[in-house]
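First up is the structure itself, then whatever we jot down about it.
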Amino acid sequence: MSIHIAARPGEIAEAVLLPGDPLRAKFIAENFLAGAVQYTAVRNIFGYTGAYRGKKVSVQGTGMGIPSISIYANELFRDYGVKRAIRVGTAGSIRENIKIRDLVIAMSASTDSGVNSIRFGGRNFAPTASFNLLKTAYDTALAKGWLPQVGNVVCSDMFYTEDPEEWKLWAKFGALAVEMETAELYTLAAKYDREALTILTISDSLVSHEATTAEERQISFTQMMEVALETAVS
């Protein structure tokens with residue numbers, strides 16, 4: 001039983017979806033998982049286990065940012081034997097051709113965080129998705145008639161940055177969108193020799209300044225949920 005999740009052995013599946021928003025975790029459990037049972041509500045960060053297409057799957061909220069997802073990913077990998085972790089989150093587009101509600105699959109994650117600099121003693125590590133999960137997710141999305149964008153995302157430590165134009169530098173070097181968790185998830189998956197993937201829905205655009213509501217982000221981004229679940233049980 002870990003400090004922040006406090007689930008009992010066997011309550012968490014080997015495949016776990018990781019939404020940042022605990023209410024998105026609740027929505028996924030209630031709308032996609034058969035027989036879902038809540039195994040944690042510590043700090044109101046909800047976790048559930050149920051079945052999808054007859055296979056055991058969990059969904060665990062992680063909160064926002066690298067420090068928060070680091071706690072949950074460490075405990076899931078280390079204490080509960082999770083083998084596949086798929087983040088289902090939101091991101092801000094930094095490309096003109098990537099619109100609100102588009103799907104983005106993170107092949108890799110750049111970051112302005114100092115976490116890996118501390119971890120690797122100033123050396124650079126390249127956080128990268130698990131190829132098998134990435135390919136499965138991409139093929140699944142195509143089979144459903146959806147065309148996801150695949151590439152590098154930016155994992156930012158600050159939502160409210162001092163330089164509101166900073167995203168343009170990342171865009172210049174081909175990054176697709178900005179979010180706050182993937183670099184740590186991919187790094188920890190590498191550390192524990194597990195599989196990880198991030199599937200994102202564009203919730204706002206730094207280019208056009210369009211944005212969705214908090215409720216829309218919580219319950220309406222179902223394409224990434226379906227792709228993630230299909231990938232998790234494949």
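Taking 108, 70, 208 in turn, the Gaussian network model of the chain (Cα-Cα springs below 10 Å) assigns the largest fluctuation to 208. Phi angles across the stretch 8-21 convert, under the Karplus curve 6.51 cos²θ - 1.76 cosθ + 1.60 with θ = phi - 60°, into 3J(HN,Hα) values of 7, x, x, 7, 10, 6, 6, 10, 9, 8, 10, x, x, 6 Hz, Gly and Pro given as x.
Secondary structure note: in the stretch 15-233, about 40% of the DSSP beta bridges are antiparallel. Given springs between every Cα pair under 10 Å in a Gaussian network model of the chain, which of 126, 36, 141 has the largest fluctuation? For the chain, modelled as a Gaussian network with Cα springs under 10 Å, the answer is 126. Put the Cα centre of the stretch 21-73 next to the Cα centre of the stretch 199-215 and the gap is 22 Å. Taking amide H as placed 1.01 Å from N in the peptide plane, residue 87 has its amide H under 5 Å from the amide H of 18, 197, 198, 199, each at least 5 places away in sequence or on another chain. A cut-off of 5 Å between modelled amide H atoms, ignoring neighbours fewer than 5 places along the same chain, links residue 36 with 51. Computed from the Cα positions only, the extents of the chain along the three principal axes stand at 46, 44, 32 Å, in decreasing order.
Loop sites by DSSP among the GluC sites (Glu not before Pro) of the chain, restricted to those with at most 11 other Cβ atoms within 10 angstrom, leave 1-95 as the longest stretch without any of them. A full extension of the chain between residue 117 and residue 135 corresponds to an added length of 3.6 nm, given 0.36 nm per residue minus the alpha carbon distance.
Convex hull volume per residue, computed on the Cα atoms of the stretch 114-234, equals 133 Å³. Between residue 51 and residue 3, the simple label model (points 7 Å from Cα in the Cβ direction) yields a spacing of 3.7 nm. Across the stretch 40-51, rounded Karplus estimates of 3J(HN,Hα) from the backbone phi angles (6.51 cos²θ - 1.76 cosθ + 1.60, θ = phi - 60°) give 8, 9, 4, 6, 6, 9, 7, x, 9, 10, x, 10 Hz, Gly and Pro being marked x.
Based on the Cβ-Cβ distance from residue 124 to residue 172, what FRET efficiency comes out when R0 is 25 Å, to the nearest 0.05?
In this case the efficiency is close to 0.85.
With 28 Å as the limit, the listed pairs 83/135; 26/56; 99/191; 55/99 have 99/191; 55/99 beyond it between alpha carbons.
Listed values for the stretch 209-223 are Karplus-derived 3J(HN,Hα) couplings in whole Hz (6.51 cos²θ - 1.76 cosθ + 1.60, θ = phi - 60°), namely 6, 6, 7, 9, 7, 4, 5, 4, 5, 6, 10, 10, 8, 7, 4, and x replaces Gly and Pro. Size descriptors for the stretch 1-107: radius of gyration and Dmax over Cα atoms are 14.1, 46 Å. Every helix of 4 or more DSSP H residues in the chain counts as -39500 (n - 2.57), and over all residues that averages to -10000 deg cm²/dmol at 222 nm.
FYI, it's all coordinate maths here, none of it is from the lab. The model shown is predicted, which means the values in this text are computed figures rather than measured ones. In this analysis, Cβ positions are derived from the backbone assuming ideal geometry, glycine residues included, and neighbour counts consider all displayed protein chains.
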